[in-house]
Amino acid sequence: MDEKVIKQILKEALKEELVPVKKEIELMNQEINSIKQEMLTKEEAKSFATKEDLKAFATKDDLQAIRTEMATKEDLKSFATKDDLQMFATRQDYLDFEARMSSALENIREGVRISLFEVEQQLREIKSKLRFYDFDFITRQNDALIKALKELHEEKTFIVHRIKDIDERLTKVEQQQFQG
């Protein structure tokens, strides 16, 4: 390869590599321009108040007049004093109250947790006991017992009727013997 071709290839490769850099530079220039537009110009800064403007605004005498119009120590004595404020709850009182409430809530939570644990244990015991019962078998037994009792009842009813029949016959035979 000749030197010109290599230079040309390098030039094209560098050109491709520089495209994103150029785009980044353009974006930065746009941001700089937008910042410059938002910045205060010298002319705009001149429109703000100067030290001289502020001196004309309020003098020491003006400030003294304002001070004399404010409340004095004597005026403030009619308001609550430190001693008066001591009858109210302090930050420490509040923190103590909060600690007591937190402790009480924690005790309640622990009690509920223990109660729930006990209920869970009882439910597990009931569940384990219920596993031993075959409810289908129990219902089949109940059905069989009911059927047997029904048959016994029918048989008893039949026997009672037979006994009444026999009793009536015996009564007739006895009456015939006494008459005859």
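The values are calculated or read from the model by the stated rules, or taken from the named source; none is laboratory data. Owing to the predicted nature of the structure, the values given are computational and were not obtained by experimental measurement. Note that we place each Cβ from the backbone using ideal geometry, even for glycine, and neighbour counts take in every protein chain shown. Side chains are part of the model used for accessible areas, which takes the heavy atoms of the whole protein and leaves out ligands, DNA and RNA. Shrake-Rupley method; radii C 1.70, N 1.55, O 1.52, S 1.80 Å.
Odds and ends about this structure:
- Note on residue 147: lysines with a C-alpha under 26 Å away, same-chain residues under 8 apart excluded, are 156, 164.
- Within the accessible area of the chain, the carbon and sulfur atoms contribute 60%, probe 1.4 Å, all protein chains present.
- Rounded to 10°, Cα long-axis angle of helix 91-131 versus longest principal axis of the chain: 30
- Taking the charge dipole of the stretch 109-180 about its Cα centre, with +1 at Lys and Arg Cβ atoms and -1 at Asp and Glu Cβ atoms, the residue from 117, 161, 178 reaching farthest to the positive side is 117.
- The heavy atoms of residue 155 offer some 100 square angstrom of accessible surface to a 1.4 angstrom probe.
- The charge dipole of the chain, taken about its Cα centre with unit charges on the Cβ atoms of Lys, Arg (+1), Asp and Glu (-1) only, comes to about 500 debye.
- Dipole orientation for the chain: of the candidates 34, 80, 14, 14 has the Cα lying most toward the positive pole (charges on Cβ; Lys, Arg +1; Asp, Glu -1).
- Each Lys and Arg contributes +1 and each Asp and Glu -1, all at the Cβ; summed about the Cα centre of the stretch 87-180, the dipole is approximately 260 debye.
- Cα-based Rg of the chain normalised by 2.2 N^0.38 Å, two decimals: 3.50
- Across every pair of non-identical alpha carbons in the stretch 84-136, the mean reciprocal distance, once inverted, gives a Kirkwood radius of 15.0 Å.
- Degrees between helix 3-38 axis and first principal axis of the chain (Cα, 0 to 90, nearest 10): 90
- Residues in the chain average 103 Å² of solvent-accessible surface per residue, probe 1.4 Å, ligands and nucleic acids excluded.
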